[in-house]
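See below for the structure under consideration.
The values are calculated or read from the model by the stated rules, or taken from the named source; none is laboratory data. On a predicted model such as this, the values are computed, not experimentally measured, just so you know. Because the Cβ atoms are built from the backbone with ideal geometry, glycine has one as well, and the counts that use them run over all protein chains shown. What goes into the accessible areas is simple: the full protein's heavy atoms, side chains included, and nothing from ligands, DNA or RNA. Shrake-Rupley method; radii C 1.70, N 1.55, O 1.52, S 1.80 Å.
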Amino acid sequence: MVDLARIVDTVRALGDPDVLCMQEVARHFPAVDGTGADQVAVLQRLLPGYEALFGAGTDMGGEQLGQRRQFGNVTLTRLPLLEVRNHVLPRPATQDSPHMQRAALEVNVKTASGPLRVVNTHLEYFSAAHRAAQVAQLRALHQAACAHPPRDAAIGSADAKPKAPPVGCCPTVICGDFNMEKSEAAYAHVLAPFGDTTPVLIDAWTVVHPGEEHPPTCGVYELIHWPAPNCRDFMFVSSDVADRARRFDIDAKTDASDHQPLRLVLEL
């Protein structure tokens, strides 16, 4: 049984985050959590003062009206919101392995130094071909976001229109469960230059802990599905925000999940 209260307590023990990103969050999906609860609503109740934003990857009909079975990513923030987009990632027609629809939830927030784009994602586990396509899409989304000219967004303005131009936010954090190890070609592709003025993406661990090996982020305690501890969770930052990275912590003590929580502190 999933204990969201315990998970929230574990995360908050690391600090008091302005933005909190979670993956594998379900709504009305008994096959996932055993109860069919709306986990987004539960997280919202457990974290008053935050706004819970949900981006479904899997989205199926439910047994009752208004209770679609959904599974995806949640970003909770107490910073002022500018824009929210949920991007469905590629799902190539491969027959060699099981797979599910994956998504990337993009949340643009207002900070003291300007907009910050936070992308929360969870890539395919079983298929390297899917991960490669999904990384390519994340890069394309980053390139497109940086191509839009910056603008001042009116938060909560009654004059805001659906056709308003995008915020044009380039400072970026892309985080989540990438289901790839550093030896995989997809990891190197995340870091590759874009061939234009788009700020490259950098593994935030290498910024804060240069020369240190990235500690394992999963399989530390749960060794049924993981044969050994390994690193599959990352936080990538764009080069125009990398110099603001001050801390990067991984809680290696908690066994609340098969993945360890990560915390990145940016000076904003």
With a 1.4 angstrom probe the carbon and sulfur portion of accessible area for the range 1-82, in percent, totals 50
With the 1.4 Å probe rolled over protein heavy atoms, the chain has an accessible area per residue in Å² of 49
Sorted list, accessible surface of protein heavy atoms, 1.4 Å probe, largest first, for Ile224, Ile7 is Ile224, Ile7
SASA check, Arg6, accessible area w/ 1.4 Å probe, all protein chains in place, rounded to nearest 10 Å², comes out at 110
Over the chain, cysteine residues that find no other Cys C-beta under 4.7 Å are Cys21, Cys169, Cys175, Cys218, Cys231
Per the rule of 0.36 nm per residue minus the C-alpha distance, extending Arg244 to Arg85 adds in nm 54.8 nm
Residues meeting the amide H criterion for Thr217 (H placed from the backbone, H to H distance under 5 Å, 5 or more places apart or on another chain) are Asn230, Cys231, Arg232, Asp233
Carbon/sulfur accessible area of the range 123-268, % of total, 1.4 Å probe, equals 58
Note, the range 21-36: 3J(HN,Hα) by Karplus (6.51, -1.76, 1.60, θ = phi - 60°), whole Hz, Gly/Pro = x, goes 10, 10, 10, 6, 9, 10, 10, 6, 10, x, 5, 8, 10, x, 10, x
So His225 and Asp16, fully extended at 0.36 nm per residue minus their Cα-Cα distance, gain in nm 72.2 nm
If the chain between Arg45 and Asp258 were fully extended at 0.36 nm per residue, the gain over the current Cα-Cα distance would be 74.3 nm
If one builds a Gaussian network model of the chain from Cα atoms under 10 Å apart, the most fluctuating residue listed among His122, His142, His28 is His28
CD proxy, 222 nm, the chain: helix-only mean residue ellipticity via -39,500 (n - 2.57) per DSSP H run with n ≥ 4, per residue, nearest 500, stands at -6000 deg cm²/dmol
Scoring the chain by relative contact order with C-alpha pairs under 8 Å, at least six apart, yields a percentage of 14
Computed from the beta carbon distance with a Förster radius of 22 Å, FRET efficiency for His148 and Ala192 to the nearest 0.05 stands at 0.50
Computed ³J(HN,Hα) along the range 190-207: with the Karplus parameters 6.51/-1.76/1.60, θ = phi - 60°, integer Hz and x for glycine or proline, the list is 4, 8, 5, x, 9, x, 9, 8, 4, x, 5, 9, 10, 5, 4, 4, 6, 6
Expressed as a whole-number percentage, the relative contact order of the range 103-207 with C-alpha contacts under 8 angstrom and at least six residues apart is 30
